[in-house]
Amino acid sequence: MRMSLKVSGMSCINCARAIEISLKKLRGIQDVQVSFELGRVVVEYQEDFLDVEQIKRVIESLGYKVEAVEEKRWNTYTLLFCWISSLCIMILMFWHGIYSMYFQALLALMVQVLGGYVFYKGALGALRARVGNMDLLVALGSSSALLYSFLSLFGLLPGEPFFETSAFLITFVRTGKFLEDWVKARALKGLRDLFALQTVKVKVLKEGKEISKSLQEVFVGDLILLRTGDMVPVDCSILEGTLEVDESLITGESLPVKKSQGDRLLSGSLVISGFAKAKVEKTFSHSYANLLVRLVEESLSKKPRIHRLADKFSHYFVQGVVLLSVIVFLFWYAKTGNLPLAVSFSLAVMVVSCPCAFGIAVPLALTFGIFKANKRGVLIKDPTAFEKSIDILLMDKTGTLTEGKPKLVDYNLYEEEALKIACAMAKVSNHPYSIAIREFCESKGIKGKSLEACKEEAGVGIFCGEYTLGKGKEGQVALLRNGSLLAEFFFEDALRKEALEVISFLKSRGIRVFMITGDKEEKARQLAQSLGIDYIAQATPEEKLRKVKELKEKGLRVGMVGDGINDAPAMAQADISFAIGSGTDMAKRAGDVILLRGIEGVRTFFEVRDRTLRRIRENLFWAFFYNLLGIPIAGGLLYSKGIYLKPEMAGLMMAFSSLSVVLNSLRK
């Protein structure tokens, strides 16, 4: 998309340079040309990632004023002009005045120049790249119709001019493209919201004063202020205050989440209510939202095999259409000697066969599939994952099938006050076992005893005077007083509540599930039996990788779900891999799919995958059926029965075929 902005306030070349540098930092910007003499900024950008408002905000944040958006309005005005001119041509067809035909010629020429410019530009680019596309066929068809009409008007060819053909052809195709872009823009709104983060201004607290800064000026350790309606710009943790945030843009979870002191906030979350001071943990370039943006960019740049095949088919199909239209022309001219009739059939074949529906059938369905998955908390890094099937799915235990954090399930007390002492000591540490004890005490309303001079020694435990809370002889957590046992605490890693449901779903698809874990045999067996799946215990990262290779050598298609560094080698080797969103960056890099809301995303992925592949098949079927039906009629097969297709009506059919593909791709 190319757009021209009228900007006031630029006084020198450095002003223009500042705007150019700032805009080029935005993802989706392809080219920027700034003229301070004319007060004009011309921007070429990808509509999938940016819109006009985001670009305007960047310019105005520098102190300049965007007076008008010229190019975007021009596109709308051009389409409106094409419609008015085409309708006027139709009216003039019934008004047989002296100059009516010349008025038709003038209006058709203006539509061809103004409305057809975009097709000529696209056709020229296609010819340079030596490929065929829709623009080439529209340019050839409309130009041929207009040229024939002018030659006929001046008596150089027999027959009557049909200026309405070229005018309506361009009008209908532009209308179809306009509606297609509008629908697609609405579908991609979520991605634009993520990209809009790049233009957010951050309120930074500096020496007691509130300062507005750009994202690039915010660093780790800075204090930022968050209020109702703000977008969380970077990953941070709350120091003071309470917020209610909407994380749907990031995780797909629609319900608001309450965040208070000590809680972490992900960039891209929206503050619904509250006020808080937060400490920056990561700059924007390393924040979660920016990671998602980069991954989505990468996914949209990759083409699965079916997409490449559709592109290749469209290229050769265009060449075949041009040849077929020539054959149709020669056939009808040789048979009837009627030049206007031969031209009309030839043009109708050329226009009705435009492979636009073929060209967008796959990429649109894939794009909408990716965003529907992302909306439900599943980030598709590699769209080729949609084409893959699996026979076996290996699933890590800790952090994947389980929550990845211990839960206090039982305890033995050998002194009445032991539990209160343990509750007090657990407040000193953020070790997972200490957190589990704290959560248990809070749920039971137990207040700890007052203890002094407490300290924590990594890998050993907590010491408060004569008391020690640490690892016991048999692996449990023990509370001791001067070496005497006061209490024992037993923990389990809680099973994710959705685990059984996901495994049942996978089994219903004929997928065998294995749990592969580094845990000891007994623990692994108990959990596997409760889930009704096979298991491999005490597996090292090398053994996990070896198991994936072994299964693949047997001819099985293998999937892997993991969240840790130890899972990454096996995930990279698997046919398709899923990384838990809360896992390590290494796992997310190795994964083809990132499950932002846990393993329930596995089920979501397969549901979206099935729906997307179904939409692709439907789109390709209807695009093929449309051509199978339209080409013979356009070529005059049923002309003897009074059934034929005018070129302008062929253009209308082509526009509707493209629109039907868009609407079908959007269906739930």
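The values are calculated or read from the model by the stated rules, or taken from the named source; none is laboratory data. Because the structure is predicted, anything quoted here is derived from the model rather than measured. Please note: Cβ atoms are built from the backbone with ideal geometry, for glycine as well, and neighbour counts cover all protein chains shown.
Any chance the range 577-589 includes a residue that's of a type in the set (Lys, Arg) and at pLDDT below 80? Yes, the range 577-589 has at least one match. Working only within the range 531-557, note down all residues that are of a type outside the set (D, E, K, R), within 17 Å of residue 521 (Cα to Cα), in a helix (DSSP H, G or I) and at pLDDT 85 or above. Within the range 531-557, 531 is the sole residue that qualifies.
Residue-wise test of (1) of a type in the set (Val, Ile, Thr); (2) more than 31 Å from the chain's Cα centre (by Cα).
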site: 515; (1), (2): no, no
site: 523; (1), (2): no, yes
site: 536; (1), (2): yes, yes
site: 539; (1), (2): no, yes
site: 550; (1), (2): no, yes
site: 560; (1), (2): no, no
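Between 578, 606, the distinction of being surrounded by 15 or more Cβ atoms within 10 Å (Cβ to Cβ), without any contact (Cβ under 8 Å) to a residue 40 or more places away in the chain and of a type in the set (Phe, Trp, Tyr) belongs to 578 only. Taken together, 571, 560 contain a single residue that is of a type outside the set (Phe, Trp, Tyr), assigned to a helix (DSSP H, G or I) and crowded, with 16+ Cβ neighbours inside 10 Å, which is 571. Applying the criterion of at least 1 residues that are among the basic types (Lys, Arg) and more than 48 Å from the chain's Cα centre (by Cα) to the strands (runs of 3 or more DSSP E) found wholly in the range 399-513 leaves 477-481. Restricted to the range 212-242, and to residues there that are over 11 Å from residue 274 (Cα atoms) and among the polar types (S, T, N, Q), the residue that is surrounded by the most Cβ atoms within 10 Å (Cβ to Cβ) is 214. Selection of the range 457-506 for residues being on the phi < 0 side of the Ramachandran plot and among the polar types (S, T, N, Q) yields 468, 476, 484, 504.
Take the range 317-349 and flag every residue that is surrounded by 15 or more Cβ atoms within 10 Å (Cβ to Cβ) and under 42 Å from the mean Cα position of the chain (by Cα). Answer for the range 317-349, where residues must be surrounded by 15 or more Cβ atoms within 10 Å (Cβ to Cβ) and under 42 Å from the mean Cα position of the chain (by Cα): 317, 318, 321, 322, 324, 325, 346, 347, 348, 349. Among the residues of the range 415-469, those that are closer than 18 Å to residue 492 by Cβ and among the basic types (Lys, Arg) comprise 438, 444. The condition of being at pLDDT below 80 and β-branched (Val, Ile, Thr) holds for only one of 367, 402, that being 367.
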